[in-house]
Amino acid sequence: MYQPSSRKEADMRLDSQVLDLETAVKDGILGGNCGVISTGFGLKKLDLKLMVEELESIDMPTVFICPISLEPMRDPVTLCTGQTYERSNIVKWFSLGHYTCPTTMQELWDDSVTPNKTLQQLIYSWFSRKYLAMKKRSEDVQGRVKEVLENLKKVKGQARVQALKQLRQVVQAHGTALKTVAENGGIAFISSLLGPFTTHAVGSEVIGILVNFNLDLDSKSDLLQPAKISLIVDILNEGSIETKINCTRLIGMLMEGNDFASQNVASLSLLVGLLRLVKDKKHQSGVLSGLILLKTVCSNESVRNSFVNVGAVPQLVELMPGLNNECLELVLCILELLSSITEGRLALKDCPNTIPNVVKLLMKASENCTQLALSILWSICKFAPEECASLAVDAGLAAKLLLVIQSGYDPVLKQRSAELLKLCSLNFTDNIFISKCKLTRTIE
């Protein structure tokens, strides 16, 4: 015998996606006024299409999904086989000359469709409750953000740190919080908390908040003030791994689209801090974010000499083994940029592991990595041919170059390989070169 269950239990059945339409109706989930929802401002008809679009990422009961489009149904109809589809999808199926059930592939003895009002009402009711709950949470978040912003204007010391921490957590958890902060002047206020006398505890939380926003030009200009940049770099050098990553992301955001920012931002302290970050292989996300920023910084030619002077080249060369392809490509890109200046080529030549480590990467990672590796090898072999060409040949470069030439790589890349192979052979007789390369006359 059927026993009515509580509304809460019914909701739990819906959320767990175990649905029985008859039970759903009896439990009052559909109710007698489905299609009209109380919103707190009187009765208002909610648009199912709008709700489906705004809740597109939510998990929903599979019975709501059309087997043809794999999208939520708004006008479900049932065939004689008992299978239910979105009306527009099954009509299109029929228009293509199919007279079978798409799910079971049974021949249809009746091509009429029956509106499934019960399922339609259940879909509407389910989406309405989820939609209104989402709106309620959004309103709660907005209120919470405004409350914290007001509180921040009053408190100092540890209380300010706690308030900032609360705001950071809300901003990271709810996308709607970002809009509320921006609309209430929160970005400018939070940025104003950074300065020469700001503690690292406050600064870390401020940076953790700001990295979540798409900052406009005025906000970026404000944060590029020397005192604020100096504080951000100091925090990068001394903060936790999460704080270090946030600092690199924020600095990267400030430099984006600003050709002059590299010179203003790229202090020796920043370069040293980024080198420390990328050498910490225990935290791959830190390695990646640090390398991305280093590539951006080194794109400015005036910074490259300073980076070479802090000992970047041997540290990056030693970093290469064990890196994933994404990080490896970034390291090679940075080294290629450094090889464009005399100091960089000299540092690459003097590092004993440059040639062996770079040669190993030819034909091993991506085509882009091979291209960057060839560019670096060309720069240093051209810079010091007698010394470097011999080392490169001993490291197995010639055989690798022949593989590149015979590969399906870009013709320009293959041409550069041929030129480098010729450069390496100039210091040897043909027989000695063939012997050193461990090549046969046939390959020659």
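The values are calculated or read from the model by the stated rules, or taken from the named source; none is laboratory data. Remember, predicted model here, so these are calculated numbers, not experimental data. Using ideal geometry, Cβ is built from the backbone for each residue, glycine included, and neighbour counts are taken over all protein chains shown. The protein model used for the area step is the full one, side chains on, heavy atoms only, and it has no ligands, DNA or RNA in it. Shrake-Rupley method; radii C 1.70, N 1.55, O 1.52, S 1.80 Å.
Overview of values
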{"quantity": "Pro61, sole failed condition from (1) free of Cβ contacts under 8 Å to residues at least 60 places away in the same chain; (2) more than 18 Å from Leu46 (Cβ to Cβ); (3) in contact with a Phe, Trp or Tyr (Cβ under 8 Å, 6 or more places away or on another chain); (4) not basic (Lys, Arg)", "calculated": "(1)"}
{"quantity": "Flag if Glu367 is surrounded by fewer than 16 Cβ atoms within 10 Å (Cβ to Cβ) and in contact (Cβ under 8 Å) with a residue 12 or more places away in the chain", "calculated": "yes"}
{"quantity": "Residue within the range 77-97 that is surrounded by 14 or more Cβ atoms within 10 Å (Cβ to Cβ), modelled with pLDDT under 90 and in contact with a Ser or Thr (Cβ under 9 Å, 6 or more places away or on another chain) present", "calculated": "no"}
{"quantity": "Condition check for Val181: crowded, with 22+ Cβ neighbours inside 10 Å and either in contact with a strand residue (DSSP E or B) (Cβ under 6 Å, 6 or more places away or on another chain) or farther than 30 Å from Val287 by Cβ (or both)", "calculated": "yes"}
{"quantity": "Number of the condition not met by Asn325 [criteria: (1) out of contact with any Ser or Thr (no Cβ under 6 Å at 6 or more places or on another chain); (2) loosely packed, with under 15 Cβ neighbours inside 10 Å]", "calculated": "(1)"}
{"quantity": "Hits in the range 409-444 (condition: assigned to a loop (DSSP other than H, G, I, E, B) and either touching a strand residue (DSSP E or B) at 6+ places or on another chain (Cβ under 7 Å) or modelled with pLDDT under 80 (or both))", "calculated": "Leu426, Asn427, Phe428, Thr429, Lys438, Leu439, Thr440, Arg441, Thr442, Ile443, Glu444"}
{"quantity": "Residue check, Ser340 modelled with pLDDT of 90 or more, assigned to a loop (DSSP other than H, G, I, E, B) and open to solvent by 10 Å² or more (accessible area, probe 1.4 Å)", "calculated": "yes"}
{"quantity": "Of the criteria (1) open to solvent by 60 Å² or more (accessible area, probe 1.4 Å); (2) basic (Lys, Arg); (3) at pLDDT below 90, which one Lys130 fails", "calculated": "(1)"}
{"quantity": "Matching residues, the range 198-211, being part of a helix (DSSP H, G or I) and either of a type in the set (A, V, I, L, M) or in contact with an Asp or Glu (Cβ under 9 Å, 6 or more places away or on another chain) (or both)", "calculated": "His200, Ala201, Val202, Gly203, Ser204, Val206, Ile207, Gly208, Ile209, Leu210"}
{"quantity": "Yes/no for Ser379 being part of a loop (DSSP other than H, G, I, E, B), small (Gly, Ala, Ser), touching an Asp or Glu at 6+ places or on another chain (Cβ under 9 Å) and farther than 19 Å from Leu270 by Cβ", "calculated": "no"}
{"quantity": "Selected residue [at pLDDT 90 or above, in a helix (DSSP H, G or I), open to solvent by 10 Å² or more (accessible area, probe 1.4 Å) and under 30 Å from Leu149 (Cα atoms)] from Asn237, Asn214", "calculated": "Asn237"}
{"quantity": "Boolean, Phe127 is outside any loop (DSSP other than H, G, I, E, B) and touching a strand residue (DSSP E or B) at 6+ places or on another chain (Cβ under 8 Å)", "calculated": "yes"}
{"quantity": "Lone unmet requirement of (1) over 26 Å from Arg249 (Cα atoms); (2) surrounded by fewer than 16 Cβ atoms within 10 Å (Cβ to Cβ) for Phe197", "calculated": "(1)"}
{"quantity": "Residue in the range 363-373 that is small (Gly, Ala, Ser), closer than 25 Å to Met255 by Cα and either outside the structural domain of Ala266 (by the TED database) or assigned to a helix (DSSP H, G or I) (or both) present", "calculated": "no"}
{"quantity": "Total residues in the range 341-368, condition touching a helix residue (DSSP H, G or I) at 6+ places or on another chain (Cβ under 7 Å) and of a type in the set (Ser, Thr, Tyr)", "calculated": "2"}
